[in-house]
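Have a look at the structure below before the remarks.
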Amino acid sequence: MAHEVQNFNLDQKFDFTAGIKKSIMTVLLIGAALLVVGIVLAMMGGGHAEEGAEAGGHAFHWYQRLFANIWINNVYFTGIAIVGVFFFAIQYAAQAGWSAPITRVMLAFGNWLPIAAILMVASFFLMGHDLFHWWHAELFDKASPEYDSIIDGKGAFFYWPMEKGTFPIFYIARMVIFFGFWVFFFSKFKKIAAAEDQLGGTSHWFKMRSWSAYFLVFFAVSSSISAWDWVMSIDTHWFSTLFGWYVFASWFVAGLSSITLLVIFLKGKGYLEMVNENHVHDLGKFVFGFSIFWTYLWFSQFLLIYYANIPEESVYFIERLESDVYGGFIFVNIVMNFVLPFLVLMTRDAKRHGIFLKLVCTLLIVGHWVDFFLMVQPGTLGHNGGIGFMEIGTFLVYGSAVALVVLGGLAKGNLIPKNHPMLEESYHHHI
């Protein structure tokens with residue numbers, strides 16, 4: 001390795017100080033307090049939770065709003081975690097050199113995956129019956145007045161090989177398989193990375209490249225199916241052939257924004273000396289480009305459904321656009337996730353300065369949470385949803401917990417892959 005690269009401290013480790021932990025815990029406690037206030041208000045009948053109101057054809061109860069919020073944040077932060085691993089794998093599969101010093105930052109987000117797996121599986125067992133309309137046996141009973149032929153036709157996708165309306169074994173099996181393989185690949189990447197730091201050489205880089213290719217193939221399939229299972233099946237009658245891509249795009253922009261924020265945070269603390277404005281510019285280009293890609297998918301899905309005007313397709317947007325609760329958030333979603341990022345990051349200089357990227361990335365992380373809010377709440381809560389203390393509190397609790405886990409994992413190993421064969425290329429990276 002060249003002398004000028006050796007001048008940097010390649011053995012540095014992130015020091016997860018008590019001060020940083022205290023700041024995150026403060027946000028977590030504020031979130032917990034807001035969540036408690038939101039729960040109390042919901043129990044008292046506040047915030048759209050009207051006594052005797054109907055949601056999905058059944059009497060509405062305050063705890064259904066809490067369940068919907070937990071599910072939104074489970075899915076959203078699971079996506080950010082797996083995108084960190086996905087973006088890490090892309091760097092190796094594509095033989096990218098520019099990103100060598102920040103690959104460990106990407107991989108650190110995968111530390112949330114084991115916790116996400118537990119939360120998702122437990123949440124489904126405890127809350128699935130209230131969240132997913134298809135988990136009601138009477139929908140599959142032809143003698144029942146609530147029989148639904150459309151949902152009955154889709155029943156095998158959830159229940160096979162068991163009887164429809166009993167326990168969705170096929171659904172939960174997919175969830176366990178996806179998380180099992182995601183955690184497996186993440187653990188494999190960590191193991192190879194640790195061996196590379198200790199032993200050096202290029203063999204570990206080639207091994208990481210091979211495993212990354214395997215992971216990307218599995219991720220391509222599992223990310224789409226998980227989007228159908230965890231989000232699209234909430235609106236059981238509706239479907240979109242674009243939906244897997246759409247959810248991936250929303251996850252990807254939020255994950256890229258989180259990675260960029262963490263890199264800028266570490267730079268501000270004196271870490272990652274090799275990372276300069278050229279690397280930051282590349283991250284800014286990814287955030288800028290894929291926010292436009294998300295918008296392209298949003299508009300493509302909306303325009304085709306609007307133009308065809310087929311009732312079973314257009315109902316998805318009608319119940320959101322014409323709702324007093326959700327109608328305004330459709331436009332908030334577009335402004336936060338496209339208009340403002342597009343205008344702010346349009347210039348070259350904006351992509352190279354931390355202050356603009358911190359503003360836009362924070363906006364996008366919140367904005368894509370709003371995107372998932374719009375995907376989940378209308379189908380689970382109907383007009384009983386909205387954004388209030390409960391939603392803000394749950395988001396802050398989950399976000400703080402993820403930050404603690406990600407930074408804790410980052411502090412356990414080398415911050416820079418010191419034996420990465422492309423560090424020299426990254427050092428000379430210029431755009």
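The values are calculated or read from the model by the stated rules, or taken from the named source; none is laboratory data. None of the values given here were measured: they were computed from a predicted structure. Cβ sites come from the backbone with ideal geometry, for glycine too, and all protein chains shown count toward neighbours. When the accessible area is computed, the model is the full protein with side chains, heavy atoms only, and any ligands, DNA or RNA have been set aside. Shrake-Rupley method; radii C 1.70, N 1.55, O 1.52, S 1.80 Å.
Points to keep in mind about this one:
- Spacing of the two label points (7 Å from each Cα toward its C-beta) at ALA59 and GLN95, in nm: 6.6 nm
- Pair HIS237, ILE225: separation of 7 Å Cα→Cβ label points (nm): 2.8 nm
- Between ALA32 and LYS191, the modelled label-to-label distance comes to 3.6 nm, taking each label 7 Å out from Cα in the direction of the beta carbon.
- Helix 203-230 axis, angle to the chain major axis (alpha carbon atoms, nearest 10°): 20 degrees
- Measuring r between the beta carbons of GLN198 and MET43 and using R0 = 60 Å, the FRET efficiency lands at 0.65.
- Its relative contact order, with pairs defined as Cα atoms under 8 Å and 6+ residues apart, puts the stretch 313-387 at 38 percent.
- Note on the stretch 370-414: Cα Rg divided by 2.2 N^0.38 Å, N the number of residues, gives 1.61.
- Spatial separation of Cα centroids for the stretch 137-215 and the stretch 365-389, in angstrom: 25 Å
- Take every Cα pair under 8 Å whose residues are at least 6 apart in sequence, average their separation, divide by the length of the stretch 144-233, and the relative contact order is 18 percent.
- Seen against the Cα atoms of the chain and their longest principal axis, helix 311-321 is set at about 70 degrees.
- The stretch 85-106 and the stretch 259-334 have Cα centres lying 22 Å from one another.
- Carbon/sulfur fraction of accessible area - the stretch 293-413, other protein chains in place, 1.4 Å, %: 73 percent
- Too-long pairs where the Cα-Cα distance tops 20 Å, listed order kept, from LYS267/LYS412; LYS22/LYS269; LYS191/LYS418; LYS207/LYS412; LYS21/LYS191: LYS207/LYS412; LYS21/LYS191
- Peptides 387-393, 188-194, 9-15 ordered by average Cβ neighbours within 10 Å, highest first: 387-393, 188-194, 9-15
- Accessible surface for the chain, divided over its residues, is 42 Å² per residue with a 1.4 Å probe.
- Check: the chain dipole with +1 on Lys, Arg Cβ and -1 on Asp, Glu Cβ, in debye: 1700 debye
- MET25-PHE170 FRET efficiency (beta carbon distance; Förster radius 56 Å; 0.05 resolution): 0.90
- Here's the list of aspartates and glutamates a cross-link from LYS164 could span, going by alpha-carbon distance under 19 Å and ignoring same-chain residues fewer than 8 apart: ASP130, GLU138, ASP141, GLU146, ASP148, ASP152, ASP229, ASP235.
- Cα shape, the chain, gyration tensor, a/c 1.5 rule: prolate
- Backbone geometry of the stretch 406-411 corresponds, through the Karplus equation with coefficients 6.51, -1.76 and 1.60 at θ = phi - 60°, to 3J(HN,Hα) couplings of 5, 5, x, x, 5, 6 Hz, x marking Gly and Pro.
- The chain: relative contact order in percent, alpha carbon pairs under 8 Å with at least 6 residues between: 35 percent
- Cα gyration tensor shape of the stretch 279-412, rounded if a/c is under 1.5, else prolate or oblate by comparing a/b with b/c: oblate
- In degrees, nearest ten, helix 354-381 long axis to first principal axis of the chain (Cα): 20 degrees
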